[in-house]
Amino acid sequence: MECIFCNIAKKKVDAAIVYEDKDIIAFKDIHPLAPVHILIIPKKHIASINDVEESDAGLLGNMIIVGKKLAKDLGTADGGYKLLFRTGKHGGQEVGHIHLHLIGGAALHEEIRPLNVEWERK
Ligand code: 5GP
Ligand code: ZN
């Protein structure tokens, strides 16, 4: 199975790694959307949030703790940031290995809305 993020975790593909422990690795997004844009991933392959098991709760919690630590280290903790999991087609997920985006370093658009769909708030 060819998974680009598994290959980054195994160091078979280069990435600008900013954090690593036995279960988690974090690296700079290749196409950053903001001055800080890091992807935090589990080393084990999980395709998406839809595939998370209850036994992964600790791992996912630790990914958030890594996000908090990196936000501080990279100087965006006080200004603020987003931690984001995209999931599936409508969520805009393009890489099928779960990844937590840490996006910050500047004020961010708040826009999250349906694409090309008539929708009214009830
Ligand atoms: P998604 O849309 O799946 O939530 O986000 C995937 C992210 O992975 C995108 O922001 C994209 O720029 C990033 N990405 C895709 N391939 C690579 C890669 O080979 N290396 C790195 N560092 N980032 C990647
Ligand atoms: Zn993978």
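The values are calculated or read from the model by the stated rules, or taken from the named source; none is laboratory data. This one's a predicted model, so the numbers in the text were calculated from it and none came from an experiment. Cβ sites come from the backbone with ideal geometry, for glycine too, and all protein chains shown count toward neighbours.
Out of (1) in contact with a strand residue (DSSP E or B) (Cβ under 7 Å, 6 or more places away or on another chain); (2) more than 25 Å from Ile30 (Cα to Cα), the odd one out for His99 is which?
(2) is the only condition that His99 fails.
Counting only residues that are within 15 Å of ligand 2 (Cβ to nearest atom) and in a loop (DSSP other than H, G, I, E, B), how many does the stretch 1-34 have?
9
Evaluate the following for Leu100: is it within 17 Å of Asp23 (Cβ to Cβ) and in contact with a Phe, Trp or Tyr (Cβ under 9 Å, 6 or more places away or on another chain)?
Working: within 17 Å of Asp23 (Cβ to Cβ): yes; in contact with a Phe, Trp or Tyr (Cβ under 9 Å, 6 or more places away or on another chain): yes.
Here the answer is yes, as Leu100 does meet what is asked.
When you scan the stretch 69-79, do you find a residue that is within 16 Å of ligand 2 (Cβ to nearest atom) and modelled with pLDDT of 95 or more, even just one?
Going residue by residue through the stretch 69-79, those that are within 16 Å of ligand 2 (Cβ to nearest atom) are none.
Checked the stretch 69-79: no residue is within 16 Å of ligand 2 (Cβ to nearest atom) and modelled with pLDDT of 95 or more.
Among the residues of the stretch 102-115, is there at least one that is without any contact (Cβ under 8 Å) to a residue 40 or more places away in the chain and within 22 Å of Cys6 (Cα to Cα)? Give the derivation first.
Our first condition is that a residue be without any contact (Cβ under 8 Å) to a residue 40 or more places away in the chain; within the stretch 102-115, this holds for 107, 109-115.
Right, trim to within 22 Å of Cys6 (Cα to Cα) and you get none.
No, the conditions are met nowhere in the stretch 102-115.
Could you check the stretch 65-81 and list, in sequence order, the residues that are exposed (fewer than 13 other Cβ atoms within 10 Å of the Cβ) and of a type in the set (Val, Ile, Thr)?
Ile65
Can you find even one residue in the stretch 35-54 that is more than 30 Å from Glu110 (Cβ to Cβ), part of a helix (DSSP H, G or I) and not hydroxyl-bearing (Ser, Thr, Tyr)? I'd like the intermediate steps shown before the answer.
Start the filter on the stretch 35-54 by keeping residues that are more than 30 Å from Glu110 (Cβ to Cβ), which leaves 43-45, 53-54.
After this cut, where a residue has to be part of a helix (DSSP H, G or I) as well, the list is 54.
Keeping just the survivors that are not hydroxyl-bearing (Ser, Thr, Tyr) gives 54.
Scanning the stretch 35-54 turns up at least one residue that is more than 30 Å from Glu110 (Cβ to Cβ), part of a helix (DSSP H, G or I) and not hydroxyl-bearing (Ser, Thr, Tyr).
Within the stretch 10-29, can one find any residue that is within 20 Å of Gln93 (Cβ to Cβ), free of Cβ contacts under 8 Å to residues at least 24 places away in the same chain and more than 14 Å from ligand 1 (Cβ to nearest atom)?
First pass over the stretch 10-29, keeping only residues within 20 Å of Gln93 (Cβ to Cβ): 13, 15, 24-29.
Restricting the remaining residues to those that are free of Cβ contacts under 8 Å to residues at least 24 places away in the same chain gives 13, 15, 25, 27-28.
Retained after the next criterion (residues that are more than 14 Å from ligand 1 (Cβ to nearest atom)): none.
No, there is no match, as no residue in the stretch 10-29 is within 20 Å of Gln93 (Cβ to Cβ), free of Cβ contacts under 8 Å to residues at least 24 places away in the same chain and more than 14 Å from ligand 1 (Cβ to nearest atom).
Let's see how each residue does on (1) assigned to a loop (DSSP other than H, G, I, E, B); (2) without any contact (Cβ under 8 Å) to a residue 24 or more places away in the chain; (3) touching an Asp or Glu at 6+ places or on another chain (Cβ under 7 Å):
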residue: Ile64; (1), (2), (3): no, no, no
residue: Lys69; (1), (2), (3): no, no, no
residue: Lys72; (1), (2), (3): no, yes, no
residue: Thr76; (1), (2), (3): yes, no, no
residue: His90; (1), (2), (3): no, yes, no
residue: Ile98; (1), (2), (3): yes, no, no
residue: Lys122; (1), (2), (3): yes, yes, no
